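Report on the structure given below.
The values are calculated or read from the model by the stated rules, or taken from the named source; none is laboratory data. Keep in mind that what you see is a predicted model, and the values were worked out from it rather than measured. Cβ placement follows ideal geometry from the backbone for every residue including glycine, while neighbour counts extend to all protein chains displayed. Accessible surface is based on the protein model in full, side chains and every heavy atom, while ligands, DNA and RNA are left aside. Shrake-Rupley method; radii C 1.70, N 1.55, O 1.52, S 1.80 Å.
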Amino acid sequence: MNAVATEFVYNALPARVIFGAGRRSETAAEAARLDCTRPLIVTTREQAALGDAIAQQFDPESTHRFADATMHTPWDVTARALQAVDRAHADCVIAIGGGSAVGLSKAIALQTDLPQIVLPTTYAGSEVTPIIGETRDGEKRTQRTLKVLPEIVIYDVELTLSLPVAMSAASGLNAVAHAVEALYAMDGNPITSLMAEEGIASLAAALPEVARAPESIDARRTAQYGAWLCGTCLASVGMGLHHKICHVLGGAFDLPHAQTHAIMIAHVAAFNADAAAPAMKRIARALNAEHAWTGLHDLAASLGVPRSLEAIGMPEAGIDHAIDLVTRNAYANPRAPESRPLRAMLERAWKGLPPALVE
Ligand code: NAD
């Protein structure tokens, strides 16, 4: 039994969540609940066909498509999508895809206040957060505002079956990282921690099965359920050093988002191990491991995700720049991110060495 916190603040966020295989067929009915009949449907290019399939639920005359969503929500893409909103006289946005499609939908909502229906196809969790990151002039800026929180989320597990095994593993670990940092968040609370532990346990159980049998609806369902919980953790409490590092590395070196998370999370858990012992105990329990950091490392190793920052394109010379950026505007974290241990950790991660308890 976990000790009850003496005081805390818990912010519940509004969202209507529809969960179940095949439930994408209810998209138009859900739009009607919002009094919307003229959607702009957004996807990446790779997932344009999914957008076309959802469009068939609506009157072709009043339904428009935009299939240029791109990672990190570049402003020029948003500007073109906003023109499409105007031309279409759209009354809602429907996003189908991972964080990139959802990011574009949020960027449109930020400018227009249009309601959003989101059908996630990865485990990133953006669909349940009031967070948006946008890239302008080469710089990615993130903000929290309820204006971007999607009104309706449809978790149709069938949409995740095509997610390649490597991407499923990385995206699942991206979700796990949200829950790990929620468990030691400075503004943590018992409700979010419950979701975090359940989210980690669900993904830890499901991801190896997804890797073994990617077509398994049961495994995919458990992974998607875990991803929802972990996304809700990201939405509810502040993230720490791990998210700061991933944000910095993604922005400075254009590293792939989910893979960066997958490489870093065990290292940061080791970095924070002593400073956040109660959280680490819960993470270890969820992973059925002796320690949080060894459990996270073993899970990532079993899933075959990239092991080193070098392998995903970070230059070794970039470590200094990364340390500078991470320490400049550090996120609240159980252990102060001092340069020396930070360097030791990043050097290990760059080389692909296992995590270690750095002094
Ligand atoms: P993504 O959306 O960029 O998808 C990666 C690729 O996989 C794309 O080509 C996509 O079309 C494809 N894909 C997605 N689902 C698929 C499926 N089921 N089958 C086949 N292909 C599929 O990747 P992501 O990791 O989900 O999102 C990353 C982006 O999301 C980043 O920009 C990140 O900053 C953002 N993000 C934001 C939040 C937030 O709360 N604001 C949270 C997490 C991630």
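Summary table
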quantity: Pick from the stretch 96-122, criterion within 7 Å of the ligand (Cβ to nearest atom) and hydroxyl-bearing (Ser, Thr, Tyr), ranking: farthest from Ala21 (Cα to Cα); calculated: Ser100
quantity: Condition check for Phe253: open to solvent by less than 10 Å² (accessible area, probe 1.4 Å), away from the ligand (no atom under 11 Å from the Cβ), assigned by TED's automatic domain parsing to the domain that holds Asn288 and of a type in the set (Phe, Trp, Tyr); calculated: no
quantity: Selection within the stretch 183-201 - part of a helix (DSSP H, G or I), open to solvent by less than 40 Å² (accessible area, probe 1.4 Å) and closer than 22 Å to Leu13 by Cα; calculated: Leu183, Thr192, Ser193, Met195, Ala196, Glu197, Gly199, Ile200
quantity: Some residue of the stretch 8-20 being outside any loop (DSSP other than H, G, I, E, B), under 19 Å from Asp113 (Cα atoms) and open to solvent by less than 30 Å² (accessible area, probe 1.4 Å); calculated: no
quantity: Residue check, Ser25 modelled with pLDDT of 95 or more, of a type outside the set (A, V, I, L, M, F, W, C), away from the ligand (no atom under 16 Å from the Cβ) and open to solvent by less than 30 Å² (accessible area, probe 1.4 Å); calculated: no
quantity: Ala311 at pLDDT 95 or above, in contact with a helix residue (DSSP H, G or I) (Cβ under 9 Å, 6 or more places away or on another chain) and farther than 17 Å from Tyr184 by Cα; calculated: yes
quantity: Looking only at the stretch 325-344, and only at residues there that are polar (S, T, N, Q) and assigned to a loop (DSSP other than H, G, I, E, B), the one that is most open to solvent (accessible area, probe 1.4 Å); calculated: Asn329
quantity: Residue check for Glu46: under 23 Å from the mean Cα position of the chain (by Cα) and within 23 Å of Ala223 (Cα to Cα); calculated: yes
quantity: Evaluation of Ile154 against (1) at pLDDT 95 or above; (2) near the ligand (Cβ under 10 Å from one of its atoms); (3) not acidic (Asp, Glu) (one fails), failing number; calculated: (2)
quantity: Qualifying residues in the stretch 309-324 (those that are in contact (Cβ under 8 Å) with a residue 24 or more places away in the chain and of a type in the set (Gly, Ala, Ser)) - the one most open to solvent (accessible area, probe 1.4 Å); calculated: Ala311
quantity: Only listed residue being within 12 Å of the ligand (Cβ to nearest atom), open to solvent by less than 10 Å² (accessible area, probe 1.4 Å), assigned to a helix (DSSP H, G or I) and closer than 13 Å to Val176 by Cβ, chosen from Ala258, Ala235, Ala266; calculated: Ala258
quantity: Among the residues listed as Thr112, Thr63, Thr78, Thr70, the single one being within 28 Å of Val237 (Cβ to Cβ), among the polar types (S, T, N, Q) and not assigned by TED's automatic domain parsing to the domain that holds Gly250; calculated: Thr78
quantity: Any chance Glu127 is in the same structural domain as Val42 (by TED's automatic domain parsing), part of a helix (DSSP H, G or I), surrounded by 17 or more Cβ atoms within 10 Å (Cβ to Cβ) and within 11 Å of the ligand (Cβ to nearest atom); calculated: yes
quantity: Selection from the stretch 86-95 of residues that are surrounded by fewer than 21 Cβ atoms within 10 Å (Cβ to Cβ) and touching a residue at least 24 places away in the same chain (Cβ under 8 Å); calculated: Ala88, His89, Asp91
quantity: All positions within the stretch 141-182 that are in contact (Cβ under 8 Å) with a residue 60 or more places away in the chain, open to solvent by 10 Å² or more (accessible area, probe 1.4 Å) and either of a type in the set (S, T, N, Q) or in contact with an Asp or Glu (Cβ under 7 Å, 6 or more places away or on another chain) (or both); calculated: Thr142
quantity: Hey, Glu139 touching a Phe, Trp or Tyr at 6+ places or on another chain (Cβ under 8 Å) and either modelled with pLDDT of 95 or more or more than 30 Å from Met280 (Cα to Cα) (or both) or not; calculated: no
